[in-house]
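Readers should treat all values here as calculations from the given coordinates under stated rules, not as data from a laboratory. Quantities reported herein were computed from a predicted structural model and do not represent experimental measurements. Please note: Cβ atoms are built from the backbone with ideal geometry, for glycine as well, and neighbour counts cover all protein chains shown.
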2 protein chains.
Amino acid sequence: MSRVSFEEFKAQRAEFIAQEEGRALGADVVLTEDEQKVNQYLMKLKKAELDAGFKTPSQFFPSRHFFTVLDEIKASPLFKLIQKLPKGGILHAHDTAIGSMETVVKATHKDHLWQKGEFGRDDPPRFKFSKTKPDELDGNVWRLVADIRKEIGSEGYDQNIRNLFSLYNKDPLNAYHCINHVWSVFAKIFISLEPLVTYKPVWEEYYYQSLKELYADNVSYLEFRGILPQLYDLDQRTFGPEEVVQIYYDLTEKFKSEHADFIGVKFIYAPHRLGDDAAFEQYMNVAERLHKKFPTFVAGFDLVGQEDLGRPHSDFTERLLKMSPSIQFFFHAGETNWNGYTDENLIDTILLGTKRIGHGFAAIKHPRVLEEIKKGNICIELNPISNQVLKLVDDLRNHPGSFYFSDNYPVVVSSDDPAFWCASPLSHDFYVAFLALASARQDLRLLKKLALNSIEYSAMSKAEKLEAKHKWNISWNNFIDQTVKLIAQ
Amino acid sequence: MSRVSFEEFKAQRAEFIAQEEGRALGADVVLTEDEQKVNQYLMKLKKAELDAGFKTPSQFFPSRHFFTVLDEIKASPLFKLIQKLPKGGILHAHDTAIGSMETVVKATHKDHLWQKGEFGRDDPPRFKFSKTKPDELDGNVWRLVADIRKEIGSEGYDQNIRNLFSLYNKDPLNAYHCINHVWSVFAKIFISLEPLVTYKPVWEEYYYQSLKELYADNVSYLEFRGILPQLYDLDQRTFGPEEVVQIYYDLTEKFKSEHADFIGVKFIYAPHRLGDDAAFEQYMNVAERLHKKFPTFVAGFDLVGQEDLGRPHSDFTERLLKMSPSIQFFFHAGETNWNGYTDENLIDTILLGTKRIGHGFAAIKHPRVLEEIKKGNICIELNPISNQVLKLVDDLRNHPGSFYFSDNYPVVVSSDDPAFWCASPLSHDFYVAFLALASARQDLRLLKKLALNSIEYSAMSKAEKLEAKHKWNISWNNFIDQTVKLIAQ
């Protein structure tokens, strides 16, 4: 036995690192000369934040709870650059949690809005738009929001609305003591928000404003989940699933006509996994109808809600297998810390042929699942900030995305419910992923790959993808040109 | 395109799960009829704790900081069973942090002990055994511990010693704000403890007592790291590295003669990675001498200290390559959250041919490292509680050990510095590993495999391993017999 020479060792080490770099996500991207310039600048910014974090770990943003670093991140030059970067699409986000809650705040200034119950209670207030005072079934008094607003002051009222529709808290680690607690608050937001946003004019405004905000965040495609709640108007008309999807479709077309470089939107029907068997039959029925009526706009089917508390996926398998084979699945699975419990939803969803996996946080504990993900090119939709806020992981350097990034797993970075944690539509998730999930060695090629993956793993047809890539390429090249100019200044 | 039948799906699912179970650590172990009985009992206890945790996540012990659940774990029937289980050996632990600090508390009752400085200060007190008052170089007053003990009361004094030599804190998350902070307190414990334990009579008592505690915890083999500090006695004699190792050797032989079923001990010389080049030359010199003088008792070489703040491994490579090729390496590597920084020590240590890897927490982010670990059968020494206390991970369900367990990586579970966090020599780490790193499906076969791995991946010779397995088998069979009787009652 003998040891190698130092020269030989250094050569082996360089080769080893080159092999690892060669396996990482984005390693196959070849940068142009201009992209290399942008990359140098990007990596200078990245290295500055990493080096500062390495020196003072308690200050590293992605290791701390997102709520405690929100303002500081906004001032980061790296974050600002990532905001400008054309990030492609969001493939995992939920209907009423994408656009900022400011649209909802504005909605509470509209006429005919009623409120029952007070702010700051465990049981959140209920809202309802109505020409006349709604029925008081439970003895609680409905009051006009306009009157309450006068009483407590308009700014104070708005702030109450902001607090109500956000998980934001200055002291999040003490405010949310466990995963079930934060999920219960999270679920209450959706419930309390629903009658506000399902008022048809607000619904339309909120969706359109969400697209505007996406676009401003340099996101040009959206594939979003929705439960399709019934909408209503002041004339007591109600609107069912097909009509709601039609609203999405029409507004999308309108937005595209006004923003030529915007790629488009697809919708994934995703009702709640807590529903009973009768409700589930209803969901499947709706899914079939939507699939026929909107064969390209409605991309497929999913189930939402906290997996640990919801019904296991195996409860639904028999029914799901009966769905039209042309309906594609985009299942949430493995959004859990448990091992040998809820995480086995991953197995069901893969065997059901899911096209993508929402979260896949627990996939790292399942070697056969990992194999199938690679073999089947099943995209994992990572949502790092969501996973932190909803208490799967504290320090994002421990997020399994690191593993997926390191060995070129098919992944995209998405944002889940950014509005509920005061994040931008996608930039914050890209920022933490780039700093904490990626290796210090991963560079612009990773970000470019993530953008390209969001097109590649979307539900778009081949022709749609071609057009999408073309549009994205133009935006990307503009970004590169502008950044090169900026650096040269 | 069509979907499979429900029957076919169920068959596929069962096969998928069988394949995953077949890949997990311990899947190759075949249980006897009696072992199956013990397994049923073990799994009943495990399932009870998992189910309770699944229902109330905030109460699941391995998700909470070890200090906050220490007393509750001691009452767990699962923990009690794991204590009794013959766990094989500890392959990763440090000289003066294995046995309980009660031995040190007792040592402060000895005559001729002096103290300089007070308890409860940032700068911890210094100790020295001496017939006469030691020199006061810095103006601080040396006082006899016997006098201080009288002054503040004997029990109060003992409690101060316990507090001083432990990281234990009732509110650990607020007490230690970052990894560098907890490491600085941790390092101070070693420094403050050294002149107390390097008093030769205490050194001998502490080591012998550590072996007794290991043995009581049903650990029958030890491969431990030490920095080999200079010992002293009251006659101002000092004892160098060879003499210290000789003490270890002689006491080990004594212990073995008194405990026929104890397998034995080996030592890994592991000086501090913060040393300068001159110190490092000295270390290598000592390593060569020890290797010649104790070719079997001294198993090899390592470096200790916080990797993030220490010198990178590449600083030492050139020198390490010059060491006698027959000296084996057992390097710490990847005890970090960073990715593309300190974690690259993994690459250096693997290329240096390390026989095992201490911690390997970051290996999961390095696909080529993972490959080499499997190919070279390089054992990862996991120390889950240490990683939590020293702030690499909060919820142990996020520990990378889950990944290693799920796909049969060569691993052992060890305990690092159990005395400093008031843990038993090995049972607590086995307990959290079994609940949080393992799948709910992993059973007695995993625990048996971990015990067997601790022999397999030790530095013992083939002949020593044969004897070790023989001894361990007897203990194991006794454990199975006794547990079967217990269950039958």
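Determine the distance separating the Cα centre of the range B:110-174 from the Cα centre of the range B:7-33; give it in Å without decimals.
Each part reduced to its Cα centre gives a spacing of 56 Å.
For the range B:236-277 and the range B:319-365, compute the distance between their C-alpha centroids and round to whole Å.
After rounding, the separation between the Cα centres reads 24 Å.
Please state the equivalent ellipsoid semi-axes for the range A:243-389: what are the square roots of 5 times the Cα gyration tensor eigenvalues, largest first, in whole Å?
27, 19, 14
Pick out, from B:ILE364, B:PHE129, B:PHE280, the residue whose Cα sits farthest towards the positive end of the charge dipole of chain B, with +1 on the Cβ of Lys and Arg and -1 on the Cβ of Asp and Glu.
B:ILE364
May I ask you to derive the relative contact order of chain B, considering only C-alpha pairs under 8 Å and at least 6 residues apart, and to give it as an integer percent? The partial results should precede the final answer.
Working: 764 pairs, mean separation 113.5, N = 489.
Relative CO of chain B lands at 23 percent.
Working from the pairwise distances between different alpha carbons, so that the mean of 1/r is found and then inverted, what is the range A:403-489's Kirkwood radius in Å?
Over the range A:403-489, the inverse of the mean reciprocal pair distance is 14.6 Å.
Mind scanning A:LYS106/A:LYS133; A:LYS374/A:LYS448; A:LYS133/A:LYS256 and naming the pairs with a C-alpha gap bigger than 29 Å?
Details: A:LYS106/A:LYS133 21 Å; A:LYS374/A:LYS448 20 Å; A:LYS133/A:LYS256 39 Å.
From A:LYS106/A:LYS133; A:LYS374/A:LYS448; A:LYS133/A:LYS256, over 29 Å: A:LYS133/A:LYS256.
Taking Cα atoms of the protein assembly as shown, Rg/Rh with Kirkwood Rh, to two decimals?
1.01
Using only the alpha carbons, work out the radius of gyration and Dmax of chain A in angstrom.
23.3, 90
Rounded to the nearest 500, what is chain B's calculated 222 nm mean residue ellipticity when only DSSP H runs of at least 4 contribute -39500 (n - 2.57) each, over all residues?
-15000 deg cm²/dmol
Applying 1/(1 + (r/R0)^6) with R0 = 35 Å to the Cβ-Cβ distance of B:ASN477 and B:LYS44, what FRET efficiency is obtained, to the nearest 0.05?
Computed FRET efficiency for B:ASN477 and B:LYS44 comes out at 0.95.
Take the residue pairs A:LYS10/B:LYS266; A:LYS44/A:LYS391; B:LYS365/B:LYS391; B:LYS87/B:LYS391; B:LYS55/B:LYS391; B:LYS266/B:LYS292 and return only those whose Cα atoms are more than 21 Å apart. Each step should come with its number before you reach the end.
Details: A:LYS10/B:LYS266 32 Å; A:LYS44/A:LYS391 31 Å; B:LYS365/B:LYS391 18 Å; B:LYS87/B:LYS391 26 Å; B:LYS55/B:LYS391 26 Å; B:LYS266/B:LYS292 15 Å.
Those over the limit are A:LYS10/B:LYS266; A:LYS44/A:LYS391; B:LYS87/B:LYS391; B:LYS55/B:LYS391.
For A:ASP171 and A:LYS292, what does the FRET efficiency come to when R0 = 41 Å and r is the distance between their Cβ atoms, rounded to the nearest 0.05?
0.25
Evaluate E = 1/(1 + (r/R0)^6) for B:GLN489 and B:SER257, where r is the Cβ-Cβ distance and R0 equals 41 Å; express this FRET efficiency to the nearest 0.05.
0.70
Hull surface divided by four, with the convex hull built on the Cα atoms of the range A:206-287: how many nm²?
6.5
Would you calculate the separation in nanometres between label points at B:SER461 and B:ALA216, each defined as 7 Å from the Cα along the Cα-to-beta-carbon direction?
Each label point lies 7 Å from its Cα, and together they span 3.4 nm.
Excluding A:ASP416 itself, calculate the net charge of residues whose Cβ lies under 10 Å from the Cβ of A:ASP416, where each Lys or Arg counts +1 and each Asp or Glu counts -1.
Within the 10 Å Cβ shell, the charges total -3.
Summarise the partner chain shielding of B:361-368 as one whole number: the mean count of Cβ atoms from other chains within 10 Å of each residue's Cβ.
For this peptide, the per-residue mean of nearby foreign Cβ atoms is 6.
What's the percent breakdown of Cα-Cα distances in the range B:30-134 across 10 Å bins, shortest bin first?
The distribution over the range B:30-134 is 11, 24, 25, 20, 12, 7, 1, given as percents.
How large is the convex hull of the C-alpha atoms of the range B:251-332 per residue, in Å³? Spell out each step's value before the answer.
Details: hull volume 8.6 nm³, N = 82.
Value for the range B:251-332: 105 Å³ per residue.
Which whole number gives the average count of other chain Cβ atoms within 10 Å of the Cβ atoms across peptide B:49-57?
Details: counts 0, 4, 1, 0, 3, 6, 3, 2, 10.
If you average over the peptide's residues, the count of other-chain Cβ atoms is 3.
Return the aspartates and glutamates within reach of B:LYS254: Cα separation strictly under 16 angstrom, same-chain partners fewer than 8 residues apart disregarded; answer none if there are no such residues.
Once the sequence-local aspartates and glutamates are set aside, what remains near B:LYS254 is B:GLU204, B:GLU205, B:GLU213.
Would you kindly calculate the translational diffusion coefficient of the range B:296-346, applying Stokes-Einstein with the Kirkwood radius from alpha carbon pairs, for 4 °C and a viscosity of 1.567 mPa s, and quote it in µm² s⁻¹ without decimals?
The estimated diffusion coefficient comes to 108 µm²/s.
Let a ≥ b ≥ c be the square roots of the eigenvalues of the Cα gyration tensor of the range B:122-171; is it rounded (a/c under 1.5), or, if not, prolate (a/b larger than b/c) or oblate?
It is oblate, given that a/c is not under 1.5 and a/b is not larger than b/c.
For B:PHE6, put the label point 7 Å out on the Cα→Cβ axis and report which residues of the range A:300-317 keep their amide N under 18 Å from it.
Once the point is set 7 Å along Cα→Cβ of B:PHE6, A:311-317 turn out to lie under 18 Å by backbone N, inside the range A:300-317.
With a Cα-only, solvent-free Debye model of the range A:91-190, what are the log10 I(q)/I(0) values at q = 0.11, 0.21, 0.22 Å⁻¹?
Summing over Cα pairs of the range A:91-190 leads to -0.38, -1.21, -1.28.
Under the definition of Cα pairs under 8 Å and six or more residues apart, what whole-number percent is the relative contact order of the range B:143-246?
17
Relative contact order for the range A:65-139 using alpha-carbon pairs under 8 Å, separation at least 6, rounded to a whole percent?
The normalised contact order for the range A:65-139 reaches 16 percent.
Report for the protein assembly as shown the percent antiparallel among DSSP-assigned beta bridges with both residues inside it, nearest 5.
Bridges in the protein assembly as shown are about 25 percent antiparallel.
How about B:LYS471: which aspartates and glutamates have a C-alpha closer than 15 Å to its C-alpha, ignoring those fewer than 8 places off in the same chain?
B:GLU258, B:ASP261, B:GLU456
For the range B:458-489 and the range A:293-311, what is the separation of their C-alpha centers, rounded to whole Å?
52
Residues with beta-carbon under 10 Å from that of B:ALA362, excluding B:ALA362: net charge, scoring Lys, Arg +1 and Asp, Glu -1?
-2
Which order do the peptides B:23-32, A:198-207, A:160-169 come out in when sorted by mean C-beta neighbours inside 10 angstrom, highest first?
Output ranking for B:23-32, A:198-207, A:160-169: A:198-207, A:160-169, B:23-32.
Would you mind computing Rg(Cα) / (2.2 N^0.38 Å) for the range A:136-266, counting N as its residues?
My calculation over the Cα atoms of the range A:136-266 gives 1.27.
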